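The values are calculated or read from the model by the stated rules, or taken from the named source; none is laboratory data. Bear in mind the structure is a predicted one, so any value in this text is a computation, not a measurement. With ideal geometry, Cβ positions are generated from the backbone for all residues, glycine too; neighbour counts draw on all protein chains shown. Ligands, DNA and RNA are stripped out before the accessible areas are found, and what is left, the full protein with its side chains, is counted by its heavy atoms. Shrake-Rupley method; radii C 1.70, N 1.55, O 1.52, S 1.80 Å.
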Amino acid sequence: MNKRIIAAAAALAAGALALSGCSGDAGGGEGAPIVVGSVNTISGPATFPEASQAAAAVFDAFNEAGGLDGRTIDYKMLDDKGDPATATASARELVGSDGAVALVGSASLIECEINAKYYEQEGILSIPGIGVDTGCFDSENISPANVGPFNDMTLTLMYGSEVLGLQDICVLLEIAGSTRPTYQAAIDKWTEITGKKPTYVDDTVPYGASDYTPYIVKAREAGCKALAINPVEPDAIGQVKAANAQGWDDVTWLYLTSVYSENFAQAIDNAGAGIYVPAEFYPFTEENDINKDWRDLMTENDIPLTAFSQGGYLAATHFIEVLKTIDGDITRESVAEALRSMDPIENPMIGTPYSFGVDNTAGWPIELKSGTHAWEKVADDWFRIGE
């Protein structure tokens, strides 16, 4: 991260707020809208638009049903473009100028790490729909609805070695910001639990490369039989097709929830020995009562059915449930107190009951086989770290 850019953006934003006299939170008086915000990477090298779209759909439905005793939620979504300065300014606009009482449904490549200290300073809590960077998981003021890429990495490695019995597992990493040590900690957790280590690690894999052939060739030459990788969907498609082009048809892919989409399944003809993912939420491809409310709401609003939209939906749903428990004024302080003292929320879409500040460590194993273009459940229950 360019610390000078971040500091300059923060100083400019703080100065603008001071000149305008805008401060505090917009819990508002009786009948006033309740302002809630989110910072998202909607454009840039890796995008996550569905989470905030799903949260918006939940809040719209809540408002149409009468809101909180007649008070509606004014939901503001900002695009940080994957840029540190924009992420800094976006948070200050929502928290300092708009006076949001909480952040809900965010999904950004970088914003948690950039803004965590500011959220702590302002006493505001955030429930990202999809936590991506390290800051989403090590700040007392941020608690994502999802498992996150780091526990995802441990889960996919564990499933590969302990359930599939794979040997010679290699790790390829796409690194954003300062996530490298946290990914290493996830790998080390797998080693601690299983006693196994990766055969080969390459942490130079770029986001958005036009050709992943050099990285795939190096991994094959290193003797890898399975690849554990953390890409976004377009990159994963490029990686699998690079292996196909090399005739590497017996490799097993251990990916994260970030590739779990119908678009990815349709794009893959040859999945090698199989592509496995620990779905962070109940598999969205299943049409049943567990997913019904989410699927219906997403379909009604033309929002893609993905794990990202599940995360945004759940973040907003959790928030509303906690909001209803507050007696008295809805302020940043009362919302923070309610979230910190909340009872765990059980929902069949998640493997760990949601409680602010408690990690979710469960994923549902799913597989994409060659030629099927469809994800399938390969387990009857959640798979948890340590099991």
message = Anything in the range 276-309 that is in contact with a strand residue (DSSP E or B) (Cβ under 9 Å, 6 or more places away or on another chain) and at pLDDT 95 or above? List them, or say none.
response = 276, 277, 278, 279, 280, 281, 282, 283
key: Cβ-Cβ under 6 Å pairs, at least 6 apart or on other chains, the range 292-318 side of a type in the set (Gly, Ala, Ser) and open to solvent by less than 10 Å² (accessible area, probe 1.4 Å), far side at pLDDT below 95 and part of a loop (DSSP other than H, G, I, E, B)   = 307/260
request  = Scan 377, 324 and give me the residue that is open to solvent by 40 Å² or more (accessible area, probe 1.4 Å), closer than 14 Å to residue 281 by Cβ and of a type outside the set (Gly, Ala, Ser).
outcome  = 377
remark   = Taking first residues from the range 166-189 that are of a type in the set (Gly, Ala, Ser) and second residues anywhere that are surrounded by fewer than 19 Cβ atoms within 10 Å (Cβ to Cβ) and assigned to a loop (DSSP other than H, G, I, E, B), the pairs with Cβ under 8 Å that are 6 or more apart or on different chains are 176/207; 177/1; 178/1
query = Of the residues 385, 366, which is touching a residue at least 60 places away in the same chain (Cβ under 8 Å), open to solvent by less than 70 Å² (accessible area, probe 1.4 Å), over 15 Å from the mean Cα position of the chain (by Cα) and closer than 19 Å to residue 131 by Cα?
reply = 385
message = Any residue that is of a type in the set (A, V, I, L, M, F, W, C), under 13 Å from residue 114 (Cβ atoms), at pLDDT 80 or above and not in a helix (DSSP H, G or I) - is there at least one of those in the range 32-46?
response = yes
request  = Being open to solvent by less than 50 Å² (accessible area, probe 1.4 Å), free of Cβ contacts under 8 Å to residues at least 40 places away in the same chain and in contact with a helix residue (DSSP H, G or I) (Cβ under 8 Å, 6 or more places away or on another chain) is the filter here, so list the residues in the range 243-285 that pass it.
outcome  = 243, 248, 251, 253, 259, 267, 284
Residue selected from the range 61-78 under the condition under 21 Å from residue 125 (Cα atoms) and touching a Ser or Thr at 6+ places or on another chain (Cβ under 6 Å), by the criterion surrounded by the most Cβ atoms within 10 Å (Cβ to Cβ) = 78
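Being among the hydroxyl-bearing types (Ser, Thr, Tyr) and part of a loop (DSSP other than H, G, I, E, B) is the filter here, so list the residues in the range 90-129 that pass it.
Of everything in the range 90-129, those that are among the hydroxyl-bearing types (Ser, Thr, Tyr) and part of a loop (DSSP other than H, G, I, E, B) turn out to be 106, 108.
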query = For residue 288, which of the numbered conditions (1) within 18 Å of residue 230 (Cα to Cα); (2) free of Cβ contacts under 8 Å to residues at least 12 places away in the same chain; (3) not charged (D, E, K, R) fails to hold?
reply = (1)
request  = Confirm whether residue 132 is assigned to a loop (DSSP other than H, G, I, E, B) and of a type in the set (A, V, I, L, M, F, W, C).
outcome  = yes
query = Of the numbered conditions (1) surrounded by fewer than 24 Cβ atoms within 10 Å (Cβ to Cβ); (2) modelled with pLDDT of 95 or more; (3) closer than 20 Å to residue 305 by Cβ, residue 105 satisfies every one except a single condition; which is it?
reply = (1)
inquiry  = Here is a check on your reading of the model: is residue 145 at negative phi, modelled with pLDDT of 95 or more and surrounded by fewer than 24 Cβ atoms within 10 Å (Cβ to Cβ)?
reply    = no
task = For residue 211, state whether it is assigned to a strand (DSSP E or B) and either surrounded by fewer than 21 Cβ atoms within 10 Å (Cβ to Cβ) or at pLDDT below 95 (or both).
result = no
remark   = If we keep only residues of the range 217-242 that are more than 22 Å from the chain's Cα centre (by Cα) and either outside any helix (DSSP H, G or I) or among the acidic types (Asp, Glu) (or both), then the residue surrounded by the fewest Cβ atoms within 10 Å (Cβ to Cβ) is 221
